[in-house]
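S.K.: Before I ask anything, here is the structure I am working with.
The values are calculated or read from the model by the stated rules, or taken from the named source; none is laboratory data. Bear in mind the structure is a predicted one, so any value in this text is a computation, not a measurement. No Cβ is skipped: glycine too gets one built from the backbone with ideal geometry, and neighbour counts run over all protein chains shown. Note: accessible area is taken over every heavy atom of the protein model, side chains too, but ligands, DNA and RNA are not part of it. Shrake-Rupley method; radii C 1.70, N 1.55, O 1.52, S 1.80 Å.
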Amino acid sequence: MNQSTILERLSALDTNTISDALDFLHLKGATYGLRPLWDCPKIVGRASTIKVGVKQEDSAPTTHLITPVIDAITTDDRILVIAGGSEGISCWGDIIANASQMKNIRGTVIDGVSRDIDGSRDIGYPVYGLGVTMISARNRLVQLESGTLLQVRGVTVNQDDYVIADRCGTVFVPAERIEEVVELAERINCRQALMVKDVRSGKPVSEVMHDTKFEAIHSQKPSTETAGPTPRNPRQASAEDKELSALFAGSDTPAVSDALDKLGIAGQAFNIMPLANYSSVTVGPAFTVRYVPASNPPGSVGDFIDDVAVRDVVVIDNGGRTDCTVWGDIMTQYAGLRGIAGTVIDGVCRDVNRAIKDQYPIFSAGRWMRTGKDRVQVGGVNESVGIGKVHVQPRDIVVADANGVVIVPRGRAREVAEVAAAVEKSEENIRELIAGGASIAEAREKLGYHTLQRKA
């Protein structure tokens, strides 16, 4: 996989999740004690390793340690990883922090201490380590090696290994295992988000956090029924797509529907229902597809899926037709392997056992077994379509769950999310009042329940 894609995916995670993934895979990489030395941001990158040691009394003057490595760096993905120093003696200071920043180095991790930390902070240069000191390395430490294997807090770190560091600490990932680790970490991240939602919904934490729940994460692997390597999706979600989708991470379709009503937006997809009783919410930008009756000779029915990005929701307008399908098991398997969030169809699907088994979310007007081949073909992609009497533009935000599907106009996503959160909060407060002994009429009157969905 492309290195920049890996770094982007790693940046979306944190050290806790990566540490958990390493545990599942029985890999060492999480360290204890290497913390941010000022309130610096998370850093993600690839290791440029530097080994330092005590300077011998009779040795000749040398170039200041670390500076040759800084001068030699030509890419913008590097994190300096320094080990081998002496207790209480600085391996870092403000002058080399400024030099590193000028070379677009992302940050420094020291299995040791730094001085002049205010200088690093003042220029916004991230430094992680064991602590701070005032004692200079000059005439005390020298650079012994660079680009070689290091031992950092009991973890073996090689040149070009991956590094992620945040407020919880520092984790190293072997370069040859990075794709496996990131893929598992993403699954863990999704599962833990669902656990949080379950706890907030009132489920007993002893049930939600049972060991079997965590073990299930590791077993949730893509299907291996077909031979050959798993197809990776080169089309990644944009930063804005991630931001807008995240706005609805804690919402469900009833709350979003109420928000749409209050804002006077038509977004509820009529008669488009879930294939199964999904326990989680599917959220993502719409990749729209329009089907038309087949020509002679017939055109393509499904090649568009190669253009769908990770976390997109495929939204298919088949005109509400129920006499032929536009989605089956091959599409389900391929979409799942490529990290597509789900599929919404104004029409029907088939091969539903595969989708249910794989837990791939599908929302449609029904199910039937008759193929769409030679009956329909793709008429257009990423254009305006109609889904369940709702107008959908490409990249609008889709929110779908066991209750159905709602479409949020992209340009109003932040507004809708804010109102949906307020609706959910009001209903949560009503439930608390009822639990405390209030009548439902009293609770609703006190919190203005009857005005929650009313247009402003």
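S.K.: May I ask you to list the residues in region 277-302 that are of a type in the set (S, T, N, Q) and surrounded by fewer than 16 Cβ atoms within 10 Å (Cβ to Cβ)?
M.R.: Within region 277-302, the first condition is being of a type in the set (S, T, N, Q), and the residues that meet it are 277, 279-280, 282, 288, 295-296, 300.
Scanning region 277-302 gives ASN277, SER279, SER295, ASN296, SER300.
S.K.: Okay, next question. Given the criteria at pLDDT 95 or above, open to solvent by 40 Å² or more (accessible area, probe 1.4 Å), not assigned by the TED database to the domain that holds VAL399 and not aromatic (Phe, Trp, Tyr), does GLN236 qualify?
M.R.: no
S.K.: A further question on this structure: Return yes when GLY112 is among the small types (Gly, Ala, Ser) and surrounded by 16 or more Cβ atoms within 10 Å (Cβ to Cβ) and no when it is not.
M.R.: Yes.
S.K.: For region 161-194, give me each residue that is surrounded by 22 or more Cβ atoms within 10 Å (Cβ to Cβ) and not in a helix (DSSP H, G or I).
M.R.: The answer is ASP161, TYR162, VAL163, ILE164, ALA165, THR170, VAL171, PHE172, VAL173.
S.K.: Hey, another quick one. Could you check region 11-110 for helices (runs of 4 or more DSSP H) lying wholly inside it with 1 or more residues that are more than 28 Å from the chain's Cα centre (by Cα)?
M.R.: The qualifying helices (runs of 4 or more DSSP H) are 67-72, 94-102.
S.K.: In region 267-276, how many residues are open to solvent by 60 Å² or more (accessible area, probe 1.4 Å) and either on the phi > 0 side of the Ramachandran plot or modelled with pLDDT under 95 (or both)?
M.R.: Summing the residues that are open to solvent by 60 Å² or more (accessible area, probe 1.4 Å) and either on the phi > 0 side of the Ramachandran plot or modelled with pLDDT under 95 (or both) in region 267-276 gives 1.
S.K.: What are the pairs with Cβ atoms under 7 angstrom where one residue, in region 304-324, is not assigned by the TED database to the domain that holds GLY379 and the other, located anywhere, is part of a loop (DSSP other than H, G, I, E, B) and modelled with pLDDT under 90? Sequence gap at least six, or different chains.
M.R.: none
S.K.: Also: Select from region 423-438 the residues that are surrounded by 15 or more Cβ atoms within 10 Å (Cβ to Cβ) and not polar (S, T, N, Q) and write down the one among them that is farthest from GLU240 (Cα to Cα).
M.R.: Top of the filtered list is ALA438.
S.K.: Follow-up question, since we're still on this one. Looking at region 330-364, which of the residues that are closer than 16 Å to PHE287 by Cα and assigned to a helix (DSSP H, G or I) is most open to solvent (accessible area, probe 1.4 Å)?
M.R.: TYR334
S.K.: Would you mind stating whether ARG78 is open to solvent by 50 Å² or more (accessible area, probe 1.4 Å) and modelled with pLDDT of 95 or more?
M.R.: It is false that ARG78 is open to solvent by 50 Å² or more (accessible area, probe 1.4 Å) and modelled with pLDDT of 95 or more.
S.K.: Do we find a residue being in contact with a Phe, Trp or Tyr (Cβ under 9 Å, 6 or more places away or on another chain), of a type in the set (D, E, K, R) and modelled with pLDDT under 95 anywhere in region 183-192?
M.R.: Yes, that holds for at least one residue.
S.K.: Residue by residue through region 365-376, note down the ones that are open to solvent by 20 Å² or more (accessible area, probe 1.4 Å) and of a type outside the set (Val, Ile, Thr).
M.R.: Once the filter is applied, which keeps residues that are open to solvent by 20 Å² or more (accessible area, probe 1.4 Å) and of a type outside the set (Val, Ile, Thr), region 365-376 yields ALA365, GLY366, ARG367, TRP368, MET369, ARG370, LYS373, ASP374, ARG375.
S.K.: In addition: What are the residues in region 402-416 that are open to solvent by 10 Å² or more (accessible area, probe 1.4 Å) and in a helix (DSSP H, G or I), if any?
M.R.: ARG410, GLY411, ARG412, ARG414, GLU415
S.K.: What do you reckon, is ASN158 surrounded by fewer than 23 Cβ atoms within 10 Å (Cβ to Cβ) and farther than 21 Å from GLY169 by Cβ?
M.R.: So ASN158 does not fit the description; no.
S.K.: Suppose we keep only residues that are at pLDDT 95 or above and within 28 Å of the chain's Cα centre (by Cα) within region 342-354. Which one would you say is nearest to ASN233 (Cα to Cα)?
M.R.: GLY342
S.K.: Now a separate question. Does GLY85 satisfy the condition of being more than 14 Å from VAL152 (Cα to Cα) and not aliphatic (A, V, I, L, M)?
M.R.: Values: more than 14 Å from VAL152 (Cα to Cα): no; not aliphatic (A, V, I, L, M): yes.
The answer is no for GLY85.
S.K.: If you check every pair at least six apart or on different chains, which have Cβ atoms under 6 Å apart with a residue in region 154-168 that is farther than 13 Å from LYS28 by Cβ first and a residue that is aromatic (Phe, Trp, Tyr) and in a strand (DSSP E or B) second?
M.R.: Every condition considered, the pairs that remain are VAL163/PHE172; ALA165/TYR128.
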